[in-house]
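The values are calculated or read from the model by the stated rules, or taken from the named source; none is laboratory data. The shown structure was predicted, so the numbers you read here are calculated from the model rather than taken from an experiment. Here the Cβ is made from the backbone with ideal geometry for all residues, glycine too, and neighbour counts use every protein chain on show. SASA here: full protein model, heavy atoms, side chains in, ligands and nucleic acids out. Shrake-Rupley method; radii C 1.70, N 1.55, O 1.52, S 1.80 Å.
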Amino acid sequence: MKADVLLGLQWGDEGKGKIVDVLTSKYDIIARFQGGPNAGHTLEFDGIKHVLHTIPSGIFHPGVINLIGNGVVIDPVIFEREIQEIKALGIPMSELLISKKAHLILPTHKLLDAASEKAKGKEKIGSTLKGIGPTYMDKTGRNGLRVGDIADPNFKKKYEKLKRKHIQILNFYDFKYELEELETAWFASLAILKSFDHIESEHYIHKALKENKKILAEGAQGTLLDIDFGSYPFVTSSNTITAGACTGLGIAPNKIGEVFGIFKAYCTRVGSGPFPSELFNEVGAHLGKVGNEFGATTGRPRRCGWIDIPALKYAININGVTQLMMMKTDVLSGIDTVKACTHYELDGKQIDYLPFEDNEGLTPVCKELKGWKMDLMQLESLADAPKEVHDYIAWLEDVLETPIAIVSVGPDRKQTLFR
Ligand code: GDP
Ligand code: IMO
Ligand code: MG
């Protein structure tokens, strides 16, 4: 058996949470492989809207195992809040397992994130300020604390040692902070984290694959936020791509099956950094309003623009996408002419790739497609969609050379059309 991967092809918030929830009934295990509470994955069903940050999006399906893999970074305080919010819904939570190798976000990691952003001034990344960058820095710097360390009698000592290092770095910045309250809450929240099974999750995954269990690896963020291949330095600090599922769960590359690539029928970005097809006009504002484009984690307005074909092709190649899923198709309803960026112009020349040098200086070259009026949110079958929707899908499949398996027409589980 091979594990399937589902991930975002743009700058995050493509609708990963919704589709993982929709697909969960076909799987035995849903596993997060990277990122942390910078993610906000929204699920809607039975009139309930729920946002998950650290917990995999299969949590509302009894009988399914949800696993937080070694590549994830966990803030115990946010984790505790997530667990309490799920419990408050009164819906039975499916089983949740946590890798002993997942790294812990300390209160001082969050302070370091804030201090670093403040020092950057206008050049700030637009981080979610959840401590993601500093935690991954300690991981690669071989200083981090992991979930498995909590059981170590020397845990407090290890914590104090890392904290001391962080305080020295904080002294380097012009940054005021209060640590005591954050620390009290952090230590109190460890109790909930401890109440779940901490496992060697790579062994668990290997055994599950041998037993023909079906696994879906759930990505966070999106390919254009990848630490290696995204619009560096305006990226997150993990590998958000298919390869991240290998390192973040211990799945061998030849054990990867389908790769589901999710994208919006247009494009959004939250935080700083280049966005060649961004719209600064009323159409952009319209997409933001109709699409309710506000960050699920920070509430910040998302920047909106047309779909970006060169960026999507790049993401498809890097991830080995086998099936595409187009989200928020309903949001384009009522726009007379839908545009798609097919090339960029740089220094008077047309190019069809994201260059290393100057992602800020790119001018999008767009193709125009006829829009549609029909409200798609009520559709029960794609067969009833207007011709223009079919034309848009057919054109995208042609230029992206990859089939579109799902077309999403609303935030609810039920507003999902299979092809
Ligand atoms: P994720 O981070 O990729 O899981 O995506 P987010 O949850 O951050 O953002 C996606 C937003 O779009 C959420 O508010 C979803 O409820 C919503 N959404 C998902 N699919 C659709 C869709 O097809 N149409 C509309 N209108 N909203 C959708
Ligand atoms: P989901 O999983 C959209 C962005 C931040 C910032 C940059 C770095 O919901 O798609 P970080 O906190 O990681 O240091 O921030 O990455 N970012 C996201 N944007 N969706 C996300 O996750 C994101 N996670 C981080 O806005 O620009
Ligand atoms: Mg999100």
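Of the beta bridges DSSP finds with both residues in region 307-391, what % are antiparallel, to the nearest 5? For region 307-391, the DSSP antiparallel bridge percentage is about 85. Put simply, the amide H of Ala31, placed in the peptide plane, has neighbours under 5 Å in Leu67, Leu216, Ala217, Glu218, leaving out anything fewer than 5 places away on its chain. Among Leu112, Leu89, Leu249, the residue with the largest mean-square fluctuation in a Gaussian network model of the chain, with springs joining Cα atoms closer than 10 Å, is Leu89.
For a quick protection proxy, order the peptides 327-335, 5-13, 358-366 by their average other-Cβ count within 10 Å, most packed first.
5-13, 327-335, 358-366
With N set to the number of residues, divide the alpha-carbon radius of gyration of region 6-95 by 2.2 N^0.38 Å and report two decimals. Dividing the Cα Rg of region 6-95 by 2.2 N^0.38 Å gives 1.00.
Nearest 500 deg cm²/dmol is fine: what mean residue ellipticity at 222 nm does the chain get from its DSSP H runs of n ≥ 4 alone, each adding -39,500 (n - 2.57), divided by its residue count?
Values: 11 runs with 130 residues, N = 419.
So the calculated ellipticity at 222 nm is -9500 deg cm²/dmol.
Remark on region 134-188: hydrodynamic radius 12.5 angstrom, per the Kirkwood mean of 1/r across alpha carbon pairs. Computed from the C-beta positions of Glu397 and Asp46, the FRET efficiency with R₀ = 30 Å rounds to 0.35.
Output the 0 to 90 degree angle, nearest 10, between the alpha-carbon long axis of helix 201-210 and the longest principal axis computed from the alpha carbons of the chain. Compared with the principal axis, the helix lies near 50 degrees. In this simple spin-label approximation, Asp152 and Asn254 carry label points 7 Å from Cα along the Cα→Cβ vector, and these lie 3.5 nm apart.
Panel values: region 1-43, Kirkwood radius from alpha carbon pairs, Stokes-Einstein at 10 °C and 1.306 mPa s, translational diffusion coefficient 138 µm²/s. Restricting to bridges with both residues inside the chain, how much of the DSSP beta-bridge set is antiparallel, in percent to the nearest 5? Here the antiparallel bridges make up roughly 40 percent for the chain.
In order along region 142-154, the Karplus-derived 3J(HN,Hα) couplings, from 6.51 cos²θ - 1.76 cosθ + 1.60 at θ = phi - 60°, round to 6, 10, x, 9, 10, 3, x, 6, 4, 7, 6, x, 8 Hz, and Gly and Pro are given as x. Using only the alpha-carbon atoms, how far is helix 107-120 inclined from the longest principal axis of the chain? Give it as 0 to 90 degrees, nearest 10. The angle comes out at about 50 degrees.
So, with a 1.4 angstrom probe, what is the percent of accessible area on the chain that is carbon and sulfur? Each step should come with its number before you reach the end.
Details: 9460 of 18200 Å².
So the carbon and sulfur contribution to the accessible surface is 52 percent.
Averaging Cα coordinates gives a centre for region 211-242 and one for region 342-416; these two points are 22 Å apart. Heavy atoms of the protein chains alone define the surface here; on that basis region 279-419 has 51 Å² accessible area per residue at 1.4 Å probe size. Rg to Rh ratio, region 23-75, alpha-carbon atoms and Kirkwood radius? Taking Rh as the inverse mean 1/r over Cα pairs, Rg/Rh reads 0.97.
Between Pro276, Pro134, Pro153, the GNM of the chain built on Cα springs shorter than 10 angstrom shows Pro153 fluctuating the most. Phi angles of region 40-45 translate, via the Karplus equation with coefficients 6.51, -1.76, 1.60 and θ = phi - 60°, into HN-Hα couplings of x, 10, 9, 10, 9, 7 Hz per residue; Gly and Pro are given as x.
Where in region 61-92 does the amide nitrogen come within less than 16 Å of the point 7 Å from the Cα of Leu182, taken along Cα to Cβ? Only 74-79 pass the distance filter.
Helix 387-400 and the long axis of the chain differ in direction by around 60°, with both axes built from C-alpha atoms. Taking a spot 7 Å from the Cα of Arg413 along the direction of its beta carbon, which residues of region 353-380 have an amide N less than 18 Å from it? Within reach of a label on Arg413, which here means backbone N under 18 Å from a point 7 Å along Cα→Cβ, region 353-380 contributes 380.
Length gain on complete extension for the stretch Lys349 to Phe172, per 0.36 nm per residue less the alpha carbon to alpha carbon distance? Write out the running numbers ahead of the final one.
Values: separation 177, 0.36 × 177 = 63.72 nm, distance 4.44 nm.
Answer, rounded to one decimal: 59.3 nm.
Normalise the Debye intensity by I(0) for the chain, one equal point scatterer per Cα, no solvent, then take log10 at q = 0.12, 0.14 Å⁻¹ and round to two decimals. Values, matching the q order: -0.97, -1.30. With each label modelled as a point 7 angstrom along the Cα→C-beta vector, the Lys213-Phe196 pair spans 1.5 nm. Looking at the calculated P(r) for region 69-200, what percent of the C-alpha pair distances fall above 21 Å? Counting pairs separated by more than 21 Å, the tail of P(r) holds 42 percent. Across region 290-419, counting alpha-carbon atoms alone, Rg and Dmax equal 15.8, 47 Å.
In nm, to one decimal, how far is the Lys26 label point from the Lys118 one, both placed 7 Å along Cα→Cβ? Label-label distance for Lys26 and Lys118, simple model: 4.8 nm.
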